[in-house]
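**Q** I have a structure here, written as structure tokens, and I will follow up with some questions on it.
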Protein chains: 2
Amino acid sequence: MDSHIPSPPTRRLSTGERENAIDRTIPLFPPAVEIDEHNYFDNNDPPEYLESMISGAHEFVKFHKYNRVVLVTSGGTTVPLENQTVRFIDNFSAGTRGATSAEYFLENGYAVIFLHRQFSLLPYSRHYSHSTNCFLDFMEEKNGKVVVDPKYQEEMLSVLRKYQTAKEKNLLLLLPFTTINQYLHTLRALSVTLQPLKSRALFYLAAAVSDFFVPLHRIPEHKIQSKAGGNKLLMSLDPVPKFLHRLVEKWAPGAMIISFKLETDSSILLSKSRQALERYSHQLVIGNLLQTRKKEVVFVEPDAPAHWIRLTPAQEAAGIDIESLIIPAIVKRHTVWIKESGNSA
Amino acid sequence: MDSHIPSPPTRRLSTGERENAIDRTIPLFPPAVEIDEHNYFDNNDPPEYLESMISGAHEFVKFHKYNRVVLVTSGGTTVPLENQTVRFIDNFSAGTRGATSAEYFLENGYAVIFLHRQFSLLPYSRHYSHSTNCFLDFMEEKNGKVVVDPKYQEEMLSVLRKYQTAKEKNLLLLLPFTTINQYLHTLRALSVTLQPLKSRALFYLAAAVSDFFVPLHRIPEHKIQSKAGGNKLLMSLDPVPKFLHRLVEKWAPGAMIISFKLETDSSILLSKSRQALERYSHQLVIGNLLQTRKKEVVFVEPDAPAHWIRLTPAQEAAGIDIESLIIPAIVKRHTVWIKESGNSA
């Protein structure tokens with residue numbers, strides 16, 4: 001029996017059969033999903049830095065043990081196609097949703113763990129980092145010194161103050177990832193770290209997680225060679241195990257969990273969001289379309305009709321972030337969640 | 001006859017046959033490689049912005065018609081797996097080699113067209129943009145103003161001055177790309193734009209170009225759907241036509257052309273570099289290993305032994321860019337090239 005392949009539930013053995021059974025380590029009624037996920041962590045090693053990263057997160061959670069803490073995930077995960085990664089499959093995401101949302105969570109009194117794709121947008125610096133020529137275009141020389149161009153002073157001061165306040169009050173913990181494997185191991189470890197907060201922990205899973213990956217044993221050691229005039233490249237990718245169920249049931253019992261559903265086809269957005277909610281039994285799916293994600297999203301929740309949040313044309317013209325509407329709507333729901341869980345103290 | 005498939009050379013028709021031939025537009029003796037490349041451009045539309053981008057480049061080249069101009073390509077190209085791109089295959093490259101090299105070309109008196117992957121590193125701002133928290137960590141508030149932290153003043157002033165000199169003297173043209181298709185169309189159009197400079201044009205092709213792509217007609221319109229507990233994803237990619245030959249022969253006759261060969265396996269680096277040089281008949285292949293690319297590269301040239309350029313341990317410790325050694329070695333070769341081409345005026 002290949003333990004890597006999830007088995008269908010087997011019938012319970014009779015007493016006689018049981019005595020004849022040779023391998024007693026084979027579990028009875030193994031739920032397919034659990035084995036799948038266990039196998040993932042057994043077969044894909046954690047990143048080397050994980051332990052020290054998590055010990056930092058542990059300190060952060062201890063510091064905020066009476067506060068609300070949100071884990072915001074942001075940016076796309078990569079799937080290496082080679083061991084010494086030259087080529088990889090990436091999921092498009094600049095990290096705008098996550099970085100912007102983190103700022104509004106901070107404004108609403110949350111401490112934020114920002115688990116982000118390295119070099120994707122970060123809270124506060126996002127206002128400058130992906131501009132045409134990051135940074136230097138905002139500066140000028142005056143009396144032999146580099147100074148900020150006066151026309152950017154006012155806005156930059158406001159951004160800098162918020163950033164420094166978050167740093168001084170230890171409200172923002174930045175943790176990076178690149179690959180799907182780093183992401184999954186870190187998410188699992190952070191979930192356990194957040195358990196003491198019970199319902200005050202909030203998961204806001206905005207990262208664009210790969211659906212398919214190449215298992216470790218199939219990744220070639222060296223760069224895939226192409227031939228001149230050459231052959232096609234055939235790739236076979238396995239589905240990434242669905243971890244949300246495990247997160248809801250085991251890793252973060254008591255926490256409020258929000259996932260995102262990004263689609264490009266508007267006709268399936270609501271059904272896909274509802275499906276995800278039913279499959280994982282969590283509290284909220286935020287559906288959005290790639291084309292309109294900066295001006296409208298839909299909240300899909302248990303026992304409630306779909307609730308759209310939209311910028312008005314005036315808000316859109318004024319450059320209002322839709323996250324300034326999304327986050328307060330979440331905070332309201334989180335307050336109810338904490339109250340109903342009865343462990344707000 | 002399917003014109004998308006490169007045909008083998010056909011024999012010349014006899015006079016009688018010629019009169020009976022119906023389709024006189026079918027070319028005789030079509031070289032397979034040419035058709036391949038033609039087909040690429042016929043079947044994959046140019047980006048909409050191309051015309052206006054090239055008209056800017058045309059002005060830039062006119063402005064520098066008596067100077068040396070280098071086209072530096074930098075960063076990795078992407079291969080979209082969906083039409084409304086959520087997922088794509090990427091080639092790893094932060095753009096360090098290209099951005100750093102561009103600075104040293106500027107210091108050596110060249111005008112630089114910097115064709116780069118959007119959001120990859122740029123000349124000068126590279127010193128700050130991929131730091132942990134781009135930008136804001138270098139700033140502080142003083143008397144209600146944002147100012148540069150004194151400990152970064154000196155270095156930043158030196159970088160800012162070089163950047164502003166390049167801007168004021170119109171020495172640096174930044175042109176972005178994301179997909180392999182955008183890259184190939186832009187490279188072809190720029191090559192033609194650079195033709196009037198003859199041997200004073202230099203191509204420094206440091207971009208990490210995808211070897212495989214999904215042809216336009218096979219790209220699905222919407223996001224690939226994954227199924228719970230799901231199926232494998234099978235992908236079939238075609239080899240990207242080899243354009244370097246065409247660049248050398250047709251697009252940029254007279255220019256000096258340098259390509260890069262990046263490998264992870266040291267045992268094949270030299271043979272792969274030599275092979276590329278012989279296949280495309282250009283002037284220089286710079287070989288480098290992913291693991292050691294910041295401290296050693298090898299020049300592979302026609303009729304000469306491989307020439308290694310290495311940082312000494314002392315240079316490495318002092319943080320010297322290896323590009324500060326590479327670029328002067330290239331400039332020397334370019335001077336010889338111009339002299340031998342006899343059109344330096």
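The values are calculated or read from the model by the stated rules, or taken from the named source; none is laboratory data. Everything numeric in this text was worked out from a predicted model, so none of it was measured. Here the Cβ positions follow ideal geometry from the backbone for every residue, glycine too, while neighbour counts run over all protein chains shown. Just so you know, the surface numbers come from the protein's heavy atoms only, side chains and all, with ligands and any DNA or RNA stripped out. Shrake-Rupley method; radii C 1.70, N 1.55, O 1.52, S 1.80 Å.
**Q** Hey, for B:Lys162 with labels 7 Å out along Cα-Cβ, what do the inter-copy distances come to in nm, ordered shortest first?
**A** Between copies, matching label points for B:Lys162 lie 3.4 nm apart.
**Q** Compare each residue of region A:270-302 in its chain alone against the assembly with all protein chains, and report those whose accessible area goes down by 20 Å² or more; 1.4 Å probe, heavy atoms.
**A** At a threshold of 20 Å² (probe 1.4 Å), the residues of region A:270-302 that become less exposed are A:Lys272, A:Arg279, A:Leu290, A:Gln291.
**Q** Putting +1 on Lys and Arg Cβ atoms and -1 on Asp and Glu Cβ atoms, find which of B:Phe138, B:Tyr124, B:Ala99 reaches farthest to the positive end of the dipole of region B:93-161.
**A** Going by the Cα projections, it comes out as B:Ala99.
**Q** Once the dipole of region A:165-219 is set up with Lys and Arg at +1 and Asp and Glu at -1 on Cβ about the Cα centre, which of A:Gln195, A:His185, A:Pro215 lies farthest towards its positive end?
**A** A:Gln195
**Q** Let me ask you something else. Put a label point 7 Å from Cα along the Cβ direction on A:Asp149, then list its distances to the equivalent points in the other copies in nm, shortest first.
**A** Label point to label point, same position, other copies: 2.4 nm.
**Q** Report the far tail of the P(r) of region A:104-196, meaning the percent of Cα-Cα pairs longer than 19 Å. Write out the running numbers ahead of the final one.
**A** On the way: 2379 of 4278 pairs.
Beyond 19 Å sits 56 percent of the P(r) for region A:104-196.
**Q** Cβ neighbours within 10 Å, averaged per peptide: list A:88-94, B:322-328, A:110-116 in order, most packed at the top.
**A** Numbers: A:88-94: 21.3, B:322-328: 18.9, A:110-116: 25.0.
Those peptides, ordered most packed to least, come out A:110-116, A:88-94, B:322-328.
**Q** While we're on this one: About the Cα centre of region A:248-292, how large is the charge dipole given +1 on each Lys and Arg Cβ and -1 on each Asp and Glu Cβ? Please answer in debye to the nearest 20. Could the numbers behind the result be given before it?
**A** Working: 5 positive and 4 negative charges, 16 e Å.
My answer is approximately 80 debye.
**Q** Counting just the Cα atoms, what span does region B:302-345 cover along each of its three principal axes? Round to the nearest Å and put the largest first.
**A** Per principal axis, max minus min of the Cα coordinates gives 42, 25, 9 Å.
**Q** What do you reckon, how do A:Arg200, B:Arg310 stack up by accessible area (1.4 Å probe), largest on top? Spell out each step's value before the answer.
**A** Working: A:Arg200 20, B:Arg310 125 Å².
Of A:Arg200, B:Arg310, the descending order of accessible area is B:Arg310, A:Arg200.
**Q** Can you tell me the order of B:202-211, B:289-298, B:46-55 when each peptide is scored by its average per-residue count of other Cβ atoms within 10 angstrom, highest first? Can you show the working numbers first?
**A** Details: B:202-211: 24.3, B:289-298: 16.4, B:46-55: 13.4.
Order by mean packing, descending: B:202-211, B:289-298, B:46-55.
**Q** Moving to a separate point now. Could you name the lysines whose alpha carbon sits less than 16 Å from that of B:Lys294, not counting residues in the same chain fewer than 8 places away?
**A** Cα-Cα hits under 16 Å: B:Lys261.
**Q** In the structure shown, do any of A:Lys65/A:Lys339; B:Lys145/B:Lys169; B:Lys169/B:Lys198 have a Cα-Cα gap over 20 Å, and if so which? Before the final figure, lay out the partial values.
**A** Values: A:Lys65/A:Lys339 17 Å; B:Lys145/B:Lys169 31 Å; B:Lys169/B:Lys198 22 Å.
Listed pairs above 20 Å: B:Lys145/B:Lys169; B:Lys169/B:Lys198.
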